[in-house]
């Protein structure tokens, strides 16, 4: 598993807020993604109905997950492919290594895949003498930088163009050092030239999957660079890494969900490439892999079935929730400290690494509800974050000071007479402390609030006590 | 026939504590709309702080007290989308499975409204008798906007305030970073979000910032004042009721005199 830094969320976010480069890069998320999505949806009146359909399709698939997974496996095998079941990261990595070793693989090209991040596949392959090469441009950049994705569809969104130019200069030493790198096109062409050779030399290609289609035994990826196609057609062996909830019953179901996926993600009607792979190369095919393997990863997902978190398994990883999240906009993806950032990460991470480690994430939300508003699969993200908070509360994982405050307040809120007395004392006291001013620059009990904001002072006297005095006949 | 609607005013804990004048403005608006306003003195809070902290047991106990205090009225009105949303959308979920209480929770949910939407949707108020000479910008508080669909109602009524000019800010529907306990648990992030918000507020060049939730207003006012802004901040009910005699949020008569000089 990738190293977990979620318990340090607070420190991570403090650092992120001070990182000027990162803050500049995050402006891109705040503007671009949101405007493009809004525009593409305005152009499609049936978008809301499509969302309902997409939700229903996935709900149905999840209700019959075992049935569809088995049907999928049967189709893949019938077409000459292999299906491997992996309970966790260790099993999944072992399966990849076995397949690679059988063909003496030296290099492996990779299409974009978040679950290979989840199981820390690259580090594992390197340790075992196999070189993984990320072929999605964003992934390639962060691989050079020794980083992990900070966004599930735009992995290098935290990096600026100038940083990329520097990284390329450091990594591509065989190219003339004085070459022009001012335009994004130059960087793109340079990466393209380098990756082209890697595609041809690779022994194994690994891709993720956006969908697994039970009816046909097909795995589907969507990309904008075509790197996925080269990854899976050029090498002798194609490995598809997919988590079990990617299943949909039919091709028709897949195409329905595709209509909400790209629009929600990047505001495109469709991604540039939608690639379907069904088994290894057939006799009549001109090209394609000789071996086709699918590794189906559970890694804790089946535990979500039948719980209040089942809806999360509908997620199609479009990234709309983080694109619209004010917290993500402020701190970026790395602050979340593990693989999945933003609202979807705040729900998924505690499930996959434990709520004791991922507990900050579902708390770091204002519950503004914008994530749920834009989620194409209508996943009630805030509600599920609240469920995690409930689990934390039950297990006494909340800081004890916070818990004491909360319980004292709740105790009073249930005792109106005491509450009235206390609130009158507090408002009067604060009024006196304000000495005629409308706000506090500092306030002992609210130090964290007043570090960068003033605290408005109460007007004095509570509403209820004033009303009681002024309008005793209108009291209940 | 034509009997006055009996409205229980759920004033919310923040208005009760910080800004009673919002409660009186709400009462005036309701009475102008022909309602009889009653205030149960046993009210404390809707329970959101406990609910959003994962403490369901305390939330249920608090909610049960709210139900008991307010179920006698024709309607329950709160000058807050957040608290009204809590009662409308979340109370029934809290008691799911508990037949008797679920029924009562649903009944209360069905007759609980946020103030401005109650005026326009139930009382059919189309205009108010009020005057405010100045430029106003309006922030859509998240719960009101997304749980209750409050966006046009306050703008429609504000348009009938004499002398008032509305200058929309960019991203009026984006969170201000308050988030209740969030602002205390993650003050740095909350501050970063509110700083983004105050920048868009300033860009709209208003004299006055309005919103329908006091929590957001305290947060935005606190940040604006720390930044030395001249933008005043009030709850939308104060302007709609024509009750702007009290100093704006985070200001006092003494502060106002100071800023004149």
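Every number here is computed from the coordinates shown, using simple stated rules; none is lab data. All of these numbers come straight from a predicted model, not from anything done at the bench. Methodologically, a virtual Cβ is constructed for each residue, glycine included, from the backbone with ideal geometry; neighbour enumeration extends over all protein chains shown.
Each label point was placed 7 Å from the Cα along the Cα-to-Cβ direction; for residue A:474 and residue A:88 their separation is 6.4 nm. Dividing the convex hull volume of the alpha carbon atoms of chain B by its residue count gives 121 Å³ per residue.
Using a cutoff of 8 angstrom between alpha carbon atoms and counting only pairs six or more residues apart, the relative contact order for chain A works out to 20 percent. Coordinate range of the alpha-carbon atoms in region A:269-357 per principal axis, descending: 52, 31, 22 Å. Helical runs assigned H by DSSP (4 residues or longer) give chain A a calculated mean residue ellipticity at 222 nm of -14500 deg cm²/dmol, each run adding -39500 (n - 2.57) before division by the residue total. Backbone N atoms of region A:1-38 closer than 14 Å to the 7 Å Cα→Cβ label point of residue A:356 belong to residues A:7.
Where in region A:1-38 is the amide nitrogen less than 20 Å from a point lying 7 Å along the Cα-to-Cβ axis of residue A:161? Only A:20-36 fall inside the zone, counting backbone N under 20 Å.
Per residue of B:214-226, other chain Cβ atoms within 10 Å of the residue Cβ number 4 on average.
Average projection, convex hull of the Cα set of region A:214-298: 6.0 square nanometres. Projecting label points 7 angstrom from Cα along Cα→Cβ for residue A:437 and residue A:282 puts them 7.9 nm apart. Rounded to the nearest 10 degrees, the inclination of helix B:187-203 to the longest alpha-carbon principal axis of chain B is 60 degrees. Could you work out how far helix A:416-433 tilts from the main Cα principal axis of chain A, as a 0 to 90 degree angle to the nearest 10? Compared with the principal axis, the helix lies near 90 degrees. If you take the Cα centroid of region A:351-411 and the Cα centroid of region A:316-330, the two points sit 17 Å apart. Put the Cα centre of region A:163-194 next to the Cα centre of region B:200-261 and the gap is 51 Å. If R0 is 22 Å, the Cβ-Cβ spacing of residue A:103 and residue A:215 corresponds to a FRET efficiency of close to 0.15.
The angle between the Cα long axis of helix A:9-18 and the main principal axis of chain A comes to about 90°, on a 0 to 90 degree scale. If you wrap chain A in the convex hull of its Cα atoms and look at it from every side, the mean projected area works out to 28.3 nm².
Residues B:64, B:129, A:373 in ascending order of nearby Cβ atoms (within 10 Å, fewest first): B:129, A:373, B:64. Each semi-axis of the equivalent ellipsoid for region B:166-261 is √(5λ) with λ an eigenvalue of the Cα gyration tensor; in descending order they amount to 21, 15, 14 Å. Sketch the reach of a paramagnetic label on residue A:373 as a point 7 Å from Cα along Cα-to-Cβ, and name the residues of region A:231-275 whose backbone nitrogen lies under 11 Å away. Label zone hits: none.
In region B:131-260, Cα pairs under 8 Å separated by at least six residues give a relative contact order of 27 percent.
Of all DSSP-defined beta bridges confined to chain A, some 30% are antiparallel rather than parallel. Overall shape of region B:5-121 was characterised from the C-alpha gyration tensor. The equivalent ellipsoid obtained from it has semi-axes of 23, 16, 11 Å, in decreasing order. For region A:413-474, dividing the convex hull volume of the Cα atoms by the residue count gives 105 Å³ per residue. For the pair residue A:303 and residue A:197 in one chain, pulling the backbone fully straight at 0.36 nm per residue adds 33.9 nm over the alpha carbon distance. Length, then width, then depth: along the principal axes, the Cα atoms of region A:134-179 run 33, 19, 15 Å. Considering only B:76, B:41, B:231, the Gaussian network model of chain B with Cα springs below 10 Å gives its largest mean-square fluctuation to B:41.
Averaged over its residues, how many other protein chain Cβ atoms are within 10 Å of peptide B:194-205's Cβ atoms? If you can, show how the numbers build up before the last one.
Working: counts 3, 3, 4, 1, 1, 0, 0, 0, 0, 0, 0, 0.
If you average over the peptide's residues, the count of other-chain Cβ atoms is 1.
The calculated FRET efficiency for residue A:4 paired with residue A:131, based on their beta-carbon distance and R0 = 30 Å, is about 0.75. Mind checking which of B:27, B:100, B:211 has the largest fluctuation in a GNM of chain B, springs on alpha carbons under 10 Å? The residue that fluctuates most here is B:100.
Among B:195, B:78, B:25, whose mean-square fluctuation peaks in a Gaussian network model of chain B (Cα, cutoff 10 Å)? Highest fluctuation of the listed residues: B:195. Between region B:14-58 and region A:1-32, the C-alpha centres lie 38 angstrom from each other. Remark: A:409, A:338 ranked as A:409, A:338, counting other beta-carbon atoms within 10 Å and listing the fewest first. Report the FRET efficiency, 1/(1 + (r/R0)^6), for residue B:166 and residue A:448, where r is their Cβ-Cβ distance and R0 is 30 Å, rounded to 0.05. For residue B:166 and residue A:448, the calculated efficiency is 0.30. Among the residues of B:10-20, the average count of other protein chain beta-carbon atoms within 10 Å of the residue beta-carbon is 6.
Hey, could you grab the Kirkwood Rh for region A:1-159? Inverse mean 1/r over distinct alpha carbon pairs, Å, one decimal. Computed over Cα pairs of region A:1-159, the Kirkwood hydrodynamic radius comes out at 19.4 Å. Structural descriptor for region A:413-474: relative contact order 33 percent, calculated from alpha carbon pairs under 8 angstrom and at least 6 residues apart.
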